[in-house]
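Heads up, the thing below is written out as structure tokens.
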Amino acid sequence: MPVVTDTADTAAAYDAVAVRYAELFSDVLATLPLERALLAAFAELVLAHDAGPVADIGCGPGHVTAHVRALGLDAFGIDVSAEMVALARAAQPHVRFDVGSMLELDLADGSLGGVLALFSTIHLPPRQLPMAFEEFYRVLSPGGHLLLGFLAGDDPLPREVDHRVAPAHEWSPGVLADLLGRNGFAEAGRLTREPHEGERFRSGLLLARRQA
Ligand SMILES: C[S@@+](CC[C@H](N)C(=O)[O-])C[C@H]1O[C@@H](n2cnc3c(N)ncnc32)[C@H](O)[C@@H]1O
């Protein structure tokens, strides 16, 4: 499947802000106990399943990749922005970071124990989200876990939001869980967090398991 123009636009938008993004967000997990709790649960489940490495898809400057590696996961990063990947490689020269799109992952079927997709699918046009879920399903081993980070809304339809970097949509957690269910995932749990001071969106995390 060819990379669509929208994805190329997203890559260019993140290339342009990569350095600033890394300055702002590389240490952000220290201020996010709820997100750390879900990442710890994800890491525990993936380690128990022991079925391959973890891809942090849309990894940005690689700070979450580093966090879950410190939790014991064999994690690597993928991002469509070459500038983000360059920053991630510079920060963690010993770790694998690849340029690539979540819509056409250069990974073998069933080769991963876990997928992290934190606030990266938000930039897909809604019609393309099932394609990303199909790719996550394909590359995960049966029983592997997906942790999806998204902008959480209440509307039954995805709603475009005024994101500062690239077009993005917020989704209702229930609608996303249903969509994951239709793409072979079983929900394990979900979290929504109200915006902190300076943030503009409610965030959500959905933990799901790839069914056989
Ligand atoms: C909001 S940032 C999130 C970065 C990091 N996951 C985090 O939680 O801070 C979104 C990232 O997703 C990447 N991205 C967007 N669309 C993508 C796609 N189709 N494939 C891979 N990466 C993508 C962007 O380049 C950007 O680095």
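Just so you know, the averaged projected area of the alpha carbon convex hull for the range 62-160 sits at 7.1 nm². Contact order, relative form, for the chain: 19 percent (alpha carbon pairs under 8 Å, 6 or more residues apart, mean separation divided by residue count). Computed from phi, the 3J(HN,Hα) profile of the range 152-167 under the Karplus parametrisation 6.51, -1.76, 1.60 (θ = phi - 60°) reads 9, x, 10, 5, x, 10, x, 10, 5, 10, 8, 7, 6, 9, 8, x Hz, with x in place of Gly and Pro.
Taking 0.36 nm per residue of separation and subtracting the Cα-Cα distance, what length does fully extending R138 through H49 add? All intermediate terms of the calculation are to be shown ahead of the outcome.
Details: separation 89, 0.36 × 89 = 32.04 nm, distance 1.71 nm.
Full-extension gain reported as 30.3 nm.
If each DSSP helix of 4+ residues adds -39,500 (n - 2.57) and the sum is divided by the residues in the chain, what number results at 222 nm, nearest 500 deg cm²/dmol? Before the final figure, lay out each step's value.
Details: 6 runs with 77 residues, N = 212.
Helices in the chain give a 222 nm mean residue ellipticity of -11500 deg cm²/dmol.
Taking trypsin sites (Lys or Arg not before Pro) as candidate sites, keep only those in a DSSP loop with at most 15 other Cβ atoms within 10 Å, then name the longest stretch of the chain containing none of them. After excluding every exposed loop site, the longest remaining stretch is 1-95.
Excluding V85 itself, calculate the net charge of residues whose Cβ lies under 12 Å from the Cβ of V85, where each Lys or Arg counts +1 and each Asp or Glu counts -1.
Details: positive: R89, R96; negative: D15, D56, D79, E83, D98.
So the environment of V85 carries a net charge of -3.
A dipole drawn for the chain from +1 and -1 charges on Cβ atoms has a positive end, and of G52, A11, P167 the residue lying farthest that way is G52. The charge dipole of the range 5-210, taken about the Cα centre with unit charges on the Cβ atoms of Lys, Arg (+1) and Asp, Glu (-1), comes to about 340 debye, rounded to the nearest 20. A DSSP coil position with no more than 15 other Cβ atoms inside 10 Å describes the following GluC sites (Glu not before Pro) in the range 165-212: E197, E199. Just so you know, the Cα atoms of the range 1-101 work out to an Rg and Dmax of 14.0, 39 Å. Here the range 119-169 is treated with +1 on each Lys and Arg Cβ and -1 on each Asp and Glu Cβ, and its dipole about the Cα centre works out to around 140 debye. Specify whether the C-alpha gyration tensor of the chain places it in the rounded, prolate or oblate class, a ≥ b ≥ c being the square roots of the eigenvalues: rounded for a/c under 1.5, otherwise prolate if a/b is larger than b/c and oblate if not. Because its axes are fairly even, with a/c under 1.5, the chain counts as rounded. Packing order of peptides 76-88, 45-57, highest average first: 76-88, 45-57 (average count of other Cβ atoms within 10 Å over each peptide's residues).
The fewest-to-most ranking of L207, L71 by surrounding Cβ atoms within 10 Å reads L71, L207. Charge tally for D15 (other residues, Cβ to Cβ under 12 Å; Lys, Arg +1; Asp, Glu -1): -2. Extension gain, T192-R36: 0.36 nm per intervening residue step, less the Cα-Cα distance, totals 54.8 nm.
Once the other residues with Cβ under 10 Å from the Cβ of G100 are scored (Lys, Arg +1; Asp, Glu -1), what is the net sum?
Numbers: positive: none; negative: D79, D98, E104, D106.
With Lys, Arg at +1 and Asp, Glu at -1, the neighbours total -4.
Which of rounded, prolate or oblate describes the range 5-51 when judged by the alpha-carbon gyration tensor and an a/c cut-off of 1.5? The shape class here is oblate.
Laboratory data are not the source of any read-out in this text; all were calculated from the coordinates shown. Model, not experiment: these values are computed from the prediction. Neighbour counts run over all protein chains shown; Cβ positions are idealised from the backbone, glycine included.
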